[in-house]
Amino acid sequence: MTLISSDPYDAAKRLKKAYRVLLTCHRNPDGDALGSELGLAELAEKLGVKPVIINRDRTPANLMLLPGAEKIQVADQLPGDFPDAYDLVITVECPDLDRSGFEGLTQVPILNIDHHPANPAYGVVNYLDENSPAVGEMVWRLYGEIGVLPSPEAATNLFVALSTDTGDFRYSNATGQAFRAAAEMVDAGAEPVQVADWVNGNRSEASVRLLGEALRTLRLECDGQLALITADQEAFRRAQAGPEDTEEIVNVPRSISGVRAVAYFKQWEPGVVRVSLRSRGAVDVRTVAAGFGGGGHTNAAGCAINGELSEIEGQVASAVADALRTA
C-alpha cells in the first residue's frame, strides 16, 4: 500500500517506527536538501532512531558551517551494511529516485519527502506538498506533528533550507506560509544574520573564480530577456572548481534589468552538460527542463543532457525562447 499526503501525519507515524534510517537527497545538494537532512537527523535522534546521512556529491563550501554538517558522508555507493542494517530510507527534495545518484535504495522502504510538482510518489510513504515553499518547511511541520521541540541548531538548519529555497525570501514561493514558518524558527533559536553570513558570505575561492569564468561568456538574446552563461571543462580547470562550486552563479545574470530567464550550462566531465534554469513570473522553465528529462519548479529547474555542449546550448536556448514567447 502506497500512502500519499501533504499532511505530515503518515510520515511521522513511519519515522517513529524506524530504528535505523538512511537519509539522502538529490545530487549536487543545495541549502534546502542539506538543511532538511540535518533537521531530520536531529528529529530521528530525538525519537531514538539512528540516522545516517549519505550524499552522492560534496557539500558546497558556503554550507559547510551548518550545524552538524560534518556528519554528512559523501560516497559513490551506499554503505557496506546497506540494506541489512536499515529499516527506512528517507529521500529529501528528490523528485525522481535516480536524482539521488545511488542505485538499490528500493531494497528498503522509502519515505519520500518533497515539494516538487510531478513527483511520481516512489516511496512506501510519500509526504508531498508542491505548495510548500521548501522541504525544510515540511520538516518543520513534521516536528510539530510529532510534538518534538527542535534545538536552536535544528531550527537554524531548517531556516537555511527555507531561506535558500525562497532566494532569501525574494522568490514567488516566499508566501505567508514561508514567513510564518521562518518566524517560528527564529523563535526556536535560528539566527538569520548568522545564516545570511554563512550562505552569502562564505564562498570558496574556486566558486568566485568560476563565477568570473561563467560571466565572461554572458550573452543576451530575445531582446535582452534571455541570459545565457557557460562554464565548460576548461573553465572548471582554470578555476580549480568542482560541482559544489556552482551554486548561486545562475542567479547573477538573473539580476540584470529586463532579463526574464537564465540558462546556465555546466560541463565538468565529458559528454554530460548540466543546465540550471531560472525565470521570473509566468515564464515556465520547469516545462523546459522536463522536455530534456529534468524537472523542478516553474521559476527554478534543471536537467542533465548527454551530448555536445554547443548543440545543447542551442537546443535549450531555443526551448527557453519559446517559453518566453508563450508566457
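The values are calculated or read from the model by the stated rules, or taken from the named source; none is laboratory data. Fair warning: this is a prediction, and the values are worked out from it, not measured in the lab. Please note: Cβ atoms are built from the backbone with ideal geometry, for glycine as well, and neighbour counts cover all protein chains shown. The protein model used for the area step is the full one, side chains on, heavy atoms only, and it has no ligands, DNA or RNA in it. Shrake-Rupley method; radii C 1.70, N 1.55, O 1.52, S 1.80 Å.
Only one entry in ALA174, ALA183, ALA121 is assigned to a helix (DSSP H, G or I) and of a type in the set (Gly, Ala, Ser), namely ALA183.
If you go through the range 143-158 and pick out every residue that is in contact with a Phe, Trp or Tyr (Cβ under 9 Å, 6 or more places away or on another chain), over 20 Å from GLN194 (Cβ atoms) and outside any helix (DSSP H, G or I), you end up with 1. None of GLY201, GLY176, GLY224 is at positive phi and out of contact with any helix residue (DSSP H, G or I) (no Cβ under 7 Å at 6 or more places or on another chain) except GLY224. What are the residues in the range 85-108 that are surrounded by fewer than 17 Cβ atoms within 10 Å (Cβ to Cβ) and more than 18 Å from ALA33 (Cβ to Cβ), if any? Of everything in the range 85-108, those that are surrounded by fewer than 17 Cβ atoms within 10 Å (Cβ to Cβ) and more than 18 Å from ALA33 (Cβ to Cβ) turn out to be ALA85, ASP87, GLU103, GLY104, THR106, GLN107. Pairs linking a residue in the range 178-200 that is under 15 Å from GLU137 (Cα atoms) to a residue that is of a type in the set (Lys, Arg), with Cβ atoms under 9 Å and 6 or more positions apart or on different chains, are ALA181/ARG141. Just a yes or no: is a residue in the range 110-117 open to solvent by 10 Å² or more (accessible area, probe 1.4 Å), under 21 Å from the mean Cα position of the chain (by Cα) and on the phi < 0 side of the Ramachandran plot? Yes; the residues of the range 110-117 include at least one that is open to solvent by 10 Å² or more (accessible area, probe 1.4 Å), under 21 Å from the mean Cα position of the chain (by Cα) and on the phi < 0 side of the Ramachandran plot.
If you check LEU78 against the conditions, is it assigned to a loop (DSSP other than H, G, I, E, B), open to solvent by 10 Å² or more (accessible area, probe 1.4 Å), under 16 Å from GLU244 (Cα atoms) and in contact with a helix residue (DSSP H, G or I) (Cβ under 9 Å, 6 or more places away or on another chain)? So LEU78 fails the test.
Out of curiosity, is ASN157 surrounded by fewer than 22 Cβ atoms within 10 Å (Cβ to Cβ), in contact (Cβ under 8 Å) with a residue 24 or more places away in the chain, polar (S, T, N, Q) and within 20 Å of ALA11 (Cβ to Cβ)? So ASN157 does not fit the description; no.
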